[in-house]
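Following: one structure in structure tokens, then a few remarks.
The values are calculated or read from the model by the stated rules, or taken from the named source; none is laboratory data. What you see is a predicted model, and the numbers here were worked out from it, not measured in a lab. Quick reminder, even Gly has a Cβ in these numbers, built from the backbone with ideal geometry, and neighbours come from all protein chains shown.
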Amino acid sequence: MSEEPVLPRIRPEIAALPAYRQGRQASPDAFKLSSNENPFEPLPGVLEAVVAAGAFNRYPDATAARLRERLAARYGVSPDEVHVGAGSVSVLAQLLLATSGPGDEVVYAWRSFEAYPSLVAVAGAKSVQVPLTADSRHDLPAMAAAVTERTRLVIVCSPNNPTGPTVGYDEFAAFVDAVPRDVLVVLDEAYAEFVTDLDSVEGSRVRAVLNRPNVVVLRTFSKAYGLAGLRIGYAIGHTGVLDAARSTAIPLSVTAAGEAAAIASLDAESELLHRVKVIAERRDRLVHRLREAGWDVPDAQGNFVWLAAGDRTVEVAAAFEEAGLIVRPFPGDGIRISIGEEESLDRVVEVAAATAVR
Ligand SMILES: *Cc1c(COP(=O)(O)O)cnc(C)c1O
């Protein structure tokens with residue numbers, strides 16, 4: 001009998017994390033509606049820009065200066081108030097490392113983006129999760145009340161992944177007022193482009209109006225822009241805060257191809273807006289039909305919808321899978337379904353109707 005090998009010591013909080021295992025790849029005739037990706041091909045000009053970026057034998061520009069200048073002009077800020085990372089998740093990780101260590105607390109809503117708990121744990125800090133309201137929204141007064149002298153960072157996710165509603169502009173402004181000025185508030189707007197509720201918080205407006213150095217806005221090219229595979233996202237914020245994030249970054253992780261693709265995508269704005277409109281319209285139709293089918297679907301402002309299946313989550317997700325629909329179950333809680341191809345909608349509604357409790 002061979003003995004278990006002795007493994008190197010692992011930090012206990014890391015050993016306690018669930019090991020990352022990617023979900024099953026979709027079979028060719030299945031619809032992959034599990035990762036909030038964009039069902040469209042890259043925007044016009046993107047593939048050409050990636051090929052033209054060429055020079056894969058060379059390291060990229062470590063600061064993504066061209067893209068930062070583009071984004072700075074777009075948002076009316078200086079290039080140093082923009083920080084580009086290999087996906088906005090890596091920018092969030094940097095902000096956590098820069099602000100929050102052992103003994104510190106990070107407040108966020110729950111359920112929210114599944115990456116938050118492990119990113120906080122990796123930084124060595126403690127997660128303080130504030131339950132969503134009954135209609136799956138952030139409970140901002142409760143989140144403000146959860147801030148202690150140990151709190152270093154608060155994440156607000158709008159629209160909230162996976163449940164869908166946005167945070168309102170006024171409630172966000174009141175929340176920022178209630179939070180101490182030395183606590184960083186990260187507004188994670190990965191799905192901002194899909195928002196159609198105009199009372200929602202909007203990062204660049206909130207920054208311009210409130211003018212608070214402790215508010216940082218995260219955006220990404222992974223969702224609306226369809227560049228999930230090229231890993232590129234960014235933060236807009238105070239230079240001092242972003243400098244701290246830059247100091248924690250793994251150098252050179254933003255590729256020249258990603259930067260070129262992002263710039264080309266910004267050049268294709270009108271086509272982008274058209275696609276976003278198509279997806280938002282598809283989303284609204286799907287929400288309507290799911291509600292008709294008997295599901296109490298919360299307001300959906302991203303490119304996904306939420307079925308609060310509760311204890312039946314695993315069973316309902318299996319019914320979707322059976323029908324060739326790869327969805328994202330959160331056992332005990334609910335199922336997130338991304339807005340994909342038009343042809344997927346009827347199938348989604350069919351399974352939803354068959355599994356609804358009326
Ligand atoms: C998808 C997503 C991100 C961004 O992911 P990247 O691909 O790393 O840019 C960030 N926050 C939320 C809530 C998301 O759903």
Legend entry - Selection within segment 22-40 - modelled with pLDDT of 90 or more and assigned to a loop (DSSP other than H, G, I, E, B): 30, 33, 34, 35, 36, 37, 38, 39, 40
Inset, instruction - Quick one: count up the residues across segment 263-302 that are within 19 Å of the chain's Cα centre (by Cα) and β-branched (Val, Ile, Thr). - result: 2
Inset, instruction - Mind listing just one residue for me: the one in segment 80-128 that is away from the ligand (no atom under 12 Å from the Cβ), β-branched (Val, Ile, Thr) and not in a helix (DSSP H, G or I) and, of those, surrounded by the fewest Cβ atoms within 10 Å (Cβ to Cβ)? - result: 128
Legend entry - Residue within segment 220-228 that is crowded, with 23+ Cβ neighbours inside 10 Å and farther than 21 Å from residue 43 by Cβ present: no
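Per-residue answers, yes or no, for (1) surrounded by fewer than 23 Cβ atoms within 10 Å (Cβ to Cβ); (2) at pLDDT 95 or above; (3) farther than 24 Å from residue 227 by Cα:
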position	(1), (2), (3)
263	yes, yes, no
274	yes, yes, no
277	yes, yes, no
288	yes, yes, yes
293	yes, yes, yes
299	yes, yes, yes
310	yes, yes, yes
339	no, yes, no
342	yes, yes, no
Inset, instruction - Just name the residue that is farthest from the ligand (Cβ to nearest atom) out of those in segment 61-79 that are assigned to a helix (DSSP H, G or I) and buried (at least 21 other Cβ atoms within 10 Å of the Cβ). - result: 68
Inset, instruction - Hand me the list of helices (runs of 4 or more DSSP H) wholly inside segment 209-328 holding 3 or more residues that are within 16 Å of the ligand (Cβ to nearest atom) and closer than 18 Å to residue 159 by Cβ. - result: 269-292
Legend entry - Cβ-Cβ under 8 Å pairs, at least 6 apart or on other chains, segment 71-95 side without any contact (Cβ under 8 Å) to a residue 12 or more places away in the chain, far side more than 13 Å from the ligand (Cβ to nearest atom): 72/78; 72/79; 72/81; 72/82
Inset, instruction - Starting from segment 179-204, keep only residues that are farther than 16 Å from residue 91 by Cβ, then list their pairs with residues that are within 14 Å of the ligand (Cβ to nearest atom) and in a helix (DSSP H, G or I) whose Cβ atoms are within a distance under 8 Å, requiring at least 6 positions of separation or different chains. - result: 202/192
Legend entry - residue 194 assigned by TED's automatic domain parsing to the domain that holds residue 245, buried (at least 19 other Cβ atoms within 10 Å of the Cβ) and within 16 Å of the ligand (Cβ to nearest atom): yes
